[in-house]
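Enquirer: Before anything else, here's the structure in question.
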Amino acid sequence: MLSATAAAHPLDVGALDLSVQAAHIEIALDVSSPFWRKLSGVPATAPPPDAKAVLAATLASGALTVDGEPCRLVERELAPAGERLILHADASCTRAADGSEGEIVWQLPFISRGTLTFQLLVHVDRGGAVEVLVLEAGSDTLRVAGSARRGFGDFILMGMHHIGATPSEWWEPTHRLHLPEGIDHILFLLALLLIDVQFVPVLKTVTGFTIGHSITLSLAALGLVRLPARLIESAIALTIAFVAGEDLADELAHRKARPRWQIAMAFGLIHGFGFARALSDLHLGRSRLLPALVGFNLGVELGQEVVVLVVAPLLWLLYRIPRARRIAAPVFATAILVLALVWFVQRAFY
């Protein structure tokens with residue numbers, strides 16, 4: 001069953017920091033308030049939760065062990081920060097887990113019980129050996145067996161997830177079809193390619209979009225430029241509406257489409273701010289942000305190429321039939337335009 005609406009990105013992301021010192025683990029969990037409400041089933045008007053309730057519903061939802069021996073979790077404090085909840089806790093274990101000693105296994109089923117697209121960025125510091133990885137629904141068990149640095153590939157996959165270029169973003173665990181969080185970026189690319197699917201124009205358009213969003217993704221993720229989320233999300237919807245409206249006008253007037261790389265680059269600057277929110281919500285330090293930024297951006301690019309490689313050949317084959325193009329192009333453009341305007345109203349006024 002197809003979801004009726006797509007609120008679109010950013011992905012609902014959380015962060016879990018583990019600082020391991022011998023048999024003691026200092027823990028900080030950062031999740032959004034909407035995720036907590038979804039997880040706990042409480043309304044937005046409910047009073048703020050306490051640390052014990054958040055611990056029970058999240059970190060204590062599964063067993064934490066070191067070399068098979070259980071650890072005991074104790075909450076310290078809950079520090080609300082705007083729309084984020086930051087829980088500080090401690091774990092006391094019977095086996096040492098720092099350095100290269102001890103395999104940490106933590107079952108975290110709460111990841112799969114919240115929003116479908118929730119992802120948890122885990123940062124583990126074991127005596128100076130740092131490991132970064134990403135957990136998500138269906139893959140919610142943390143395993144840390146050694147001290148080697150990992151995680152770059154996880155950020156690549158996170159970027160691909162964000163733009164909706166992986167099968168898991170289209171199919172729920174119950175095998176129902178649903179729209180991915182990055183559906184707005186996919187429709188923007190579709191609108192850019194809708195009129196001209198020849199190889200050179202497509203290459204120029206995709207390159208322009210890549211340059212544009214890479215610039216602002218980097219600036220925003222590094223904290224050099226900050227804009228209100230409502231403004232960015234509303235503007236992204238308007239970029240889709242503008243390109244789709246131009247597609248429709250060109251088709252109805254039988255005009256040859258003008259080159260799109262300039263507008264793709266300009267609007268890519270806006271989309272880059274949207275991409276960046278998936279990383280900025282994690283509140284990463286500078287040393288951790290650089291590999292995350294490079295990996296995430298690479299994942300977005302790979303995902304973008306997947307979308308183009310799927311969509312462009314299909315449109316090219318369809319447009320080989322003149323009658324099909326005369327019908328399909330205006331219909332596609334109209335559908336994208338209407339959906340983008342609906343998104344704009346939702347994001348700007350609700």
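The values are calculated or read from the model by the stated rules, or taken from the named source; none is laboratory data. In this text, all values refer to a predicted model and were calculated from it rather than measured experimentally. Cβ: placed from backbone, ideal geometry, glycine included. Neighbour counts: every protein chain shown.
Enquirer: When you look at L39, is it surrounded by 12 or more Cβ atoms within 10 Å (Cβ to Cβ), touching a helix residue (DSSP H, G or I) at 6+ places or on another chain (Cβ under 8 Å), of a type in the set (A, V, I, L, M) and assigned to a strand (DSSP E or B), yes or no?
Expert: no
Enquirer: Under the condition of being surrounded by fewer than 17 Cβ atoms within 10 Å (Cβ to Cβ) and assigned to a strand (DSSP E or B), which residue from the stretch 76-87 is farthest from the chain's Cα centre (by Cα)?
Expert: R76
Enquirer: Give the residue that is surrounded by the most Cβ atoms within 10 Å (Cβ to Cβ), with candidates limited to residues of the stretch 51-75 that are at pLDDT 90 or above and part of a loop (DSSP other than H, G, I, E, B).
Expert: T58
Enquirer: Still on this structure: If the Cβ limit is 6 Å and pairs must be 6+ apart or interchain, which residue in the stretch 251-263 that is not assigned by TED's automatic domain parsing to the domain that holds V206 pairs with which residue that is surrounded by fewer than 19 Cβ atoms within 10 Å (Cβ to Cβ)?
Expert: Once the first residue is not assigned by TED's automatic domain parsing to the domain that holds V206 and sits in the stretch 251-263, no partner that is surrounded by fewer than 19 Cβ atoms within 10 Å (Cβ to Cβ) comes close enough.
Enquirer: Select from the stretch 3-33 the residues that are in a strand (DSSP E or B), modelled with pLDDT under 90 and within 19 Å of the chain's Cα centre (by Cα) and list them in ascending order.
Expert: Across the stretch 3-33, the qualifying residues are V13, S32.
Enquirer: Might you let me know whether the stretch 91-102 holds any residue that is modelled with pLDDT of 90 or more, out of contact with any Gly (no Cβ under 9 Å at 6 or more places or on another chain) and part of a strand (DSSP E or B)?
Expert: Looking for residues that are modelled with pLDDT of 90 or more, out of contact with any Gly (no Cβ under 9 Å at 6 or more places or on another chain) and part of a strand (DSSP E or B), one finds at least one in the stretch 91-102, hence yes.
Enquirer: OK, next. In this structure, is S112 at pLDDT 80 or above and surrounded by fewer than 18 Cβ atoms within 10 Å (Cβ to Cβ)?
Expert: yes
Enquirer: Moving on to the next point. Among the candidates T117, T45, single out the residue that is in a loop (DSSP other than H, G, I, E, B), closer than 30 Å to R230 by Cα and in contact with a strand residue (DSSP E or B) (Cβ under 9 Å, 6 or more places away or on another chain).
Expert: After applying the criteria, what remains is T117.
Enquirer: Residues of the stretch 207-257 being of a type in the set (D, E, K, R), farther than 26 Å from A292 by Cβ and loosely packed, with under 15 Cβ neighbours inside 10 Å, which ones?
Expert: R255, K256
Enquirer: Could you give me the residue pairs with C-beta distances under 6 Å whose first residue belongs to the stretch 305-316 and is surrounded by fewer than 18 Cβ atoms within 10 Å (Cβ to Cβ), whose second residue is modelled with pLDDT under 90 wherever it lies, and which are 6+ apart or on separate chains?
Expert: From residues that are surrounded by fewer than 18 Cβ atoms within 10 Å (Cβ to Cβ), the pairs are V306/A165; W316/V197.
Enquirer: Also: Taking the stretch 284-304 as the search range and keeping residues that are touching a residue at least 60 places away in the same chain (Cβ under 8 Å) and among the small types (G, A, S), which one is surrounded by the fewest Cβ atoms within 10 Å (Cβ to Cβ)?
Expert: G295
Enquirer: What is the number of the single condition among (1) within 15 Å of N297 (Cα to Cα); (2) over 24 Å from the mean Cα position of the chain (by Cα) that L279 does not meet?
Expert: (2)
Enquirer: Hey, another quick one. Which condition breaks for I195 when tested against (1) modelled with pLDDT of 80 or more; (2) buried (at least 22 other Cβ atoms within 10 Å of the Cβ); (3) under 30 Å from L73 (Cα atoms)?
Expert: Of (1) modelled with pLDDT of 80 or more; (2) buried (at least 22 other Cβ atoms within 10 Å of the Cβ); (3) under 30 Å from L73 (Cα atoms), only one is false for I195: (3).
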